[in-house]
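Data first, discussion second: the structure below is written as structure tokens.
The values are calculated or read from the model by the stated rules, or taken from the named source; none is laboratory data. In this text the structure is predicted, and so the values were computed from the model without any measurement. Quick reminder, even Gly has a Cβ in these numbers, built from the backbone with ideal geometry, and neighbours come from all protein chains shown. Side chains are part of the model used for accessible areas, which takes the heavy atoms of the whole protein and leaves out ligands, DNA and RNA. Shrake-Rupley method; radii C 1.70, N 1.55, O 1.52, S 1.80 Å.
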There are 2 protein chains.
Amino acid sequence: MGHMAAARRRADRARQVADLLRRQIVHRHFARGPLPPEAALAHEFGASRNTVREALRLLREEGLVERCPGVGTTVAAEKYPHGLHRLLGLAETLHEHGEVTNQVRTMTLIEPPAAVSHRLGLAPGEPVVYLERLRRLNGLPLSLDLTYLVRDVGEPLFDADLEHNDIFVLLERIAGQPLGVAELTLEAVNADPHTAAVLDAPRAAALLMVERLAHLADGRPVDLEFIRFRGDRLTMRGHLSRIAEEDR
Amino acid sequence: MGHMAAARRRADRARQVADLLRRQIVHRHFARGPLPPEAALAHEFGASRNTVREALRLLREEGLVERCPGVGTTVAAEKYPHGLHRLLGLAETLHEHGEVTNQVRTMTLIEPPAAVSHRLGLAPGEPVVYLERLRRLNGLPLSLDLTYLVRDVGEPLFDADLEHNDIFVLLERIAGQPLGVAELTLEAVNADPHTAAVLDAPRAAALLMVERLAHLADGRPVDLEFIRFRGDRLTMRGHLSRIAEEDR
């Protein structure tokens with residue numbers, strides 16, 4: 001086997017091991033403390049120690065594990081599961097994992113661009129509430145949320161405790177009805193330098209970007225959000241059925 | 001306003017405009033050819049030309065648009081929508097957008113690590129089929145898929161046309177029953193150098209990483225996949241309900 005083929009094979013093997021390890025780490029397969037030693041992992045994955053070392057290096061690059069001299073490899077930071085099975089606010093979906101706090105960076109009434117008016121079903125020029133929050137879990141930055149709200153449900157938020165509450169819960173209280181359905185687009189993007197700084201993330205860090213238009217139960221769109229989650233701190237989890245819900 | 005505050009405000013404004021523009025580009029709001037000129041975009045978004053220029057720079061960094069001298073800013077590459085409303089293979093979900101072809105990098109019977117056996121509900125040491133594919137849409141790399149299949153439905157794939165078929169369709173034919181439900185985990189990760197090279201993506205490009213365990217309709221898990229989508233070529237789209245499906 002040539003040098004190139006050997007390098008490719010090693011990289012391919014490392015990726016396989018890294019994926020299985022990532023899953024185990026994210027799902028808290030390992031007890032607190034260091035991961036098993038390389039030799040044990042090599043045995044478990046039927047891989048060489050070099051492959052395991054390379055897999056751990058890949059996960060270090062992702063910020064999932066870190067190497068502690070004299071201790072071994074430890075899980076660097078928890079990666080939290082965001083439910084993808086129903087429409088949930090951040091504090092709702094992460095309530096088992098700690099306290100969500102929201103730092104309001106901006107909150108103001110604006111005359112929105114046509115792109116926003118259109119999606120919220122508003123006449124051109126009708127004002128909306130624009131809200132920008134840095135959201136933390138247990139004090140660590142998790143997401144930067146840009147939110148456009150129709151005026152009648154958004155304006156009462158100026159007097160609400162936004163620091164300790166999800167918007168969803170507050171909106172439902174204000175509107176006097178539950179939320180209904182949200183349209184959702186998910187993407188992976190590299191953080192621009194300013195966003196990386198705000199989220200305290202590495203340069204060009206992978207972000208899970210969510211665009212979400214939430215409707216009230218009566219069908220009226222009220223809440224348009226652009227959310228940047230730190231990719232190293234959050235996963236989305238759900239189920240898909242081969243038969244679409246509407247065809248059941 | 002101090003210099004720092006002004007820079008922050010400019011970056012914040014650019015992010016807002018970039019998010020709205022991204023949405024419009026991904027949803028093909030603009031006709032083919034260059035985007036509207038900066039002055040028109042500035043008017044549309046109620047922003048300064050400097051802000052629009054900065055927003056376009058952010059989208060260039062993401063690989064979504066590019067600047068063509070003498071022409072203006074054009075959409076660099078299509079970003080394709082992957083359905084998140086039901087369990088779909090790649091060719092199924094993208095059939096309107098072109099031809100999916102699959103390059104088989106590896107296909108072999110292996111004795112899997114315990115992490116794989118456990119998820120597929122197999123006894124330790126029971127062999128599985130390991131399959132690795134580079135998947136392209138219209139010739140452009142879209143994803144790198146690592147797949148573990150239980151032997152009885154995986155082994156017949158050695159004789160199947162994997163280049164032109166989704167695994168899902170082939171599995172259903174082999175098993176004589178449809179697929180049922182899949183568990184899904186979504187993450188955003190930075191590409192390691194080797195993966196970036198395989199996907200022909202920039203260094204440390206943001207990838208949408210999907211881990212998916214698909215079951216047959218009878219409930220048996222048969223197909224465990226680790227999929228790395230190029231973040232600049234794919235979005236996931238779906239709906240969420242405030243009331244969980246199971247509570248309806």
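Restricting to segment A:202-214, name every residue that is surrounded by fewer than 21 Cβ atoms within 10 Å (Cβ to Cβ) and touching a Pro at 6+ places or on another chain (Cβ under 9 Å).
Result: A:ARG203, A:ALA204, A:LEU213.
Name, by its number, the condition in (1) assigned to a strand (DSSP E or B); (2) in contact (Cβ under 8 Å) with a residue 12 or more places away in the chain; (3) touching a helix residue (DSSP H, G or I) at 6+ places or on another chain (Cβ under 7 Å) that does not hold for B:ALA18.
Answer for B:ALA18: the failing condition is (1).
Tell me, which helices (runs of 4 or more DSSP H) wholly within segment A:21-135 include 1 or more residues that are open to solvent by less than 10 Å² (accessible area, probe 1.4 Å) and within 12 Å of another protein chain (Cβ to nearest Cβ)?
A:38-45, A:49-61, A:114-119
If I ask for residues that are away from chain B (no Cβ under 14 Å) and in contact with a strand residue (DSSP E or B) (Cβ under 8 Å, 6 or more places away or on another chain), which ones from segment A:136-156 would you list? Walk me through it before giving the result.
Let us first name the residues in segment A:136-156 that are away from chain B (no Cβ under 14 Å), namely A:136-141, A:149-156.
A:ARG136, A:LEU137, A:GLY139, A:PRO141, A:LEU149, A:VAL150, A:ARG151, A:VAL153, A:GLY154, A:GLU155 - these are the residues of segment A:136-156 that are away from chain B (no Cβ under 14 Å) and in contact with a strand residue (DSSP E or B) (Cβ under 8 Å, 6 or more places away or on another chain).
If a residue must be in contact with a helix residue (DSSP H, G or I) (Cβ under 9 Å, 6 or more places away or on another chain) and open to solvent by less than 50 Å² (accessible area, probe 1.4 Å), how many such residues does segment A:1-15 contain?
Count: 5.
Using the structure shown, decide if A:THR195 is among the hydroxyl-bearing types (Ser, Thr, Tyr), in contact (Cβ under 8 Å) with a residue 12 or more places away in the chain, touching a His at 6+ places or on another chain (Cβ under 9 Å) and facing another protein chain (nearest Cβ under 9 Å).
no
Please indicate, with yes or no, whether at least one residue in segment A:208-227 is farther than 18 Å from B:ASP12 by Cβ, under 16 Å from the mean Cα position of the chain (by Cα) and within 7 Å of chain B (Cβ to nearest Cβ). Give the steps one after another, and end with the answer.
Just the residues of segment A:208-227 that are farther than 18 Å from B:ASP12 by Cβ, to begin with: A:208, A:210, A:212-223.
Those left that are additionally under 16 Å from the mean Cα position of the chain (by Cα): A:208, A:210, A:212.
With within 7 Å of chain B (Cβ to nearest Cβ) added as a condition, the list becomes A:208.
Yes; the residues of segment A:208-227 include at least one that is farther than 18 Å from B:ASP12 by Cβ, under 16 Å from the mean Cα position of the chain (by Cα) and within 7 Å of chain B (Cβ to nearest Cβ).
Collect the residues in segment B:89-106 that are without any contact (Cβ under 8 Å) to a residue 40 or more places away in the chain and acidic (Asp, Glu), keeping them in residue-number order.
Within segment B:89-106, B:GLU96, B:GLU99 meet the criteria.
Got a number for residues in segment A:157-192 being of a type outside the set (A, V, I, L, M, F, W, C) and either facing chain B (nearest Cβ under 8 Å) or surrounded by 16 or more Cβ atoms within 10 Å (Cβ to Cβ) (or both)?
Total satisfying the criteria: 10.
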